[in-house]
Amino acid sequence: MTGGAQRWSSDTPLPITDFETVLTTTRAVRRRLDLDRPVPRGEVLDCLRLALQAPTGADAEDWRFILIGDPGVKLAVGDEYRRAFDREVRPRLPGLLAGAGPADAAGAGPEAAERRRKARVYGGAEYLADNIHRVPWLVLACATRPYPGPHMAPSVFGSVFPAVWSFQLALRSRGLGSLITTLHLRRPEGLAALLGIPAGVTQCALLPVAYTLGTDFRPAARRPVADVVFADVWGRPLDGTGEEDDR
Ligand SMILES: Cc1cc2nc3c(=O)[nH]c(=O)nc-3n(C[C@H](O)[C@H](O)[C@H](O)COP(=O)(O)O)c2cc1C
């Protein structure tokens, strides 16, 4: 995959210290993970050090991270992830990838653009599933609390994901890429057995980590704020620009 490096020529200088750039260009990286370039363990640990400044419920610091670099363990974890992908996603791939291709072949308009976007994401997801064992590091983020049922799930996952996202931002600022994966969590017992994770610990996310091929990531196309923010009660649209509404 080293040849891929040539595909992206204009690089963003590192480290990226501009907050807005880091926030808007930290993408889910799959095809652009550099599978051949080693990542010093200290670099990953330093990003985790920054991540541990994130909040946890009741200040409990009930997060734990397994840093997986052993090739044999990565292979076994990768197999587990790929099996989940084969079960949950691969059978739907032909339909999902059908929208791939240039705009003229797939059609014009927002629906065609959405089909192309989906095809890109799922093409990347397939690539990841087939290569996940090759990344330099896999980081499994866990909570030292059992899954408490749907109503209290936010307190368990919410105590880990702020750190997960901080970790991803820190990686990005240093030219490293990652993504959150959860596909294998429909059957968490697979990784629990492999990695000796005790009962009562909830797995939250598995993150592949590698240097990125190029550093020129762009902001994603997201819905505008006014489409997803309601005023005071569910469903009431914002009116005006909001600028006159300082409180
Ligand atoms: C909770 C959560 C779970 C996810 N699980 C997976 C996963 O199992 N496999 C995968 O390839 N991507 C996974 N993703 C990544 C999303 O698909 C990704 O955010 C999406 O492709 C948008 O990319 P972007 O963040 O670069 O805009 C997950 C993201 C989140 C937030």
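The values are calculated or read from the model by the stated rules, or taken from the named source; none is laboratory data. This one's a predicted model, so the numbers in the text were calculated from it and none came from an experiment. So basically every Cβ, Gly included, is an ideal-geometry build from the backbone, and we count neighbours across all protein chains shown. Accessible surface areas use protein heavy atoms only, side chains included; no ligands, DNA or RNA. Shrake-Rupley method; radii C 1.70, N 1.55, O 1.52, S 1.80 Å.
Accessible surface ranking for Ser10, Ser155, Ser178, 1.4 angstrom probe, highest first: Ser10, Ser155, Ser178.
Note on Arg27: accessible area approximately 60 square angstrom, rounded to 10, probe 1.4 Å, nucleic acids and ligands left out. What separates the Cα centres of segment 148-183 and segment 8-41 is a distance of 17 Å.
In a DSSP loop and with at most 12 other Cβ atoms within 10 Å, the GluC sites (Glu not before Pro) in segment 147-247 are Glu243, Glu244.
Across segment 177-231 the C-alpha pair distances fall into 10 Å bins from zero in the proportions 18, 28, 25, 24, 5 percent. On a per residue basis, the chain carries 56 Å² of accessible surface, using protein heavy atoms and a 1.4 Å probe. Rg over Rh for the chain works out to 0.98, both radii taken from alpha-carbon positions and Rh defined as the Kirkwood radius.
Carbon and sulfur atoms: what percent of the 1.4 Å accessible area of segment 112-169 do they account for?
63
Rounded to the nearest 500, the helix-only mean residue ellipticity at 222 nm of the chain stands at -11500 deg cm²/dmol, with each DSSP H run of n ≥ 4 adding -39,500 (n - 2.57). Net charge dipole, segment 88-247: roughly 680 debye, given to the nearest 20, about the Cα centre with Cβ charges of +1 for Lys and Arg and -1 for Asp and Glu.
Between the residues Gly109, Gly78, Gly149, the greatest Cα displacement towards the positive end of the dipole of segment 41-178, with unit charges on the Cβ of Lys, Arg, Asp and Glu, is found for Gly109. Contact order, relative form, for segment 100-175: 18 percent (alpha carbon pairs under 8 Å, 6 or more residues apart, mean separation divided by residue count). Remark: segment 1-95 projects, on average over all directions, an area of 9.8 nm² (convex hull of Cα atoms). Solvent exposure of Tyr127, expressed as accessible area, is near 50 Å², computed with a probe of 1.4 Å over the protein chains only.
Once R0 is set to 30 Å, what does the formula 1/(1 + (r/R0)^6) return for the Cβ-Cβ distance between Tyr147 and Arg174, expressed as a FRET efficiency to the nearest 0.05?
0.35
In percent, what relative contact order does segment 43-182 have, based on Cα pairs under 8 Å that are 6 or more apart in sequence?
Numbers: 130 pairs, mean separation 59.7, N = 140.
For segment 43-182, the relative contact order is 43 percent.
In segment 30-94, the portion of solvent-accessible area held by carbon and sulfur atoms comes to 52 percent [1.4 Å probe, whole percent, DNA, RNA and ligands not counted]. When Lys74, Lys118 are compared by accessible surface with a 1.4 Å probe, the order from highest to lowest is Lys118, Lys74.
Measuring spread by the Cα atoms of segment 43-187 yields a radius of gyration and Dmax of 17.9, 54 Å. When the residues Thr144, Thr202 are ordered by accessible surface, computed with a 1.4 Å probe over the protein chains alone, the sequence from largest down reads Thr144, Thr202.
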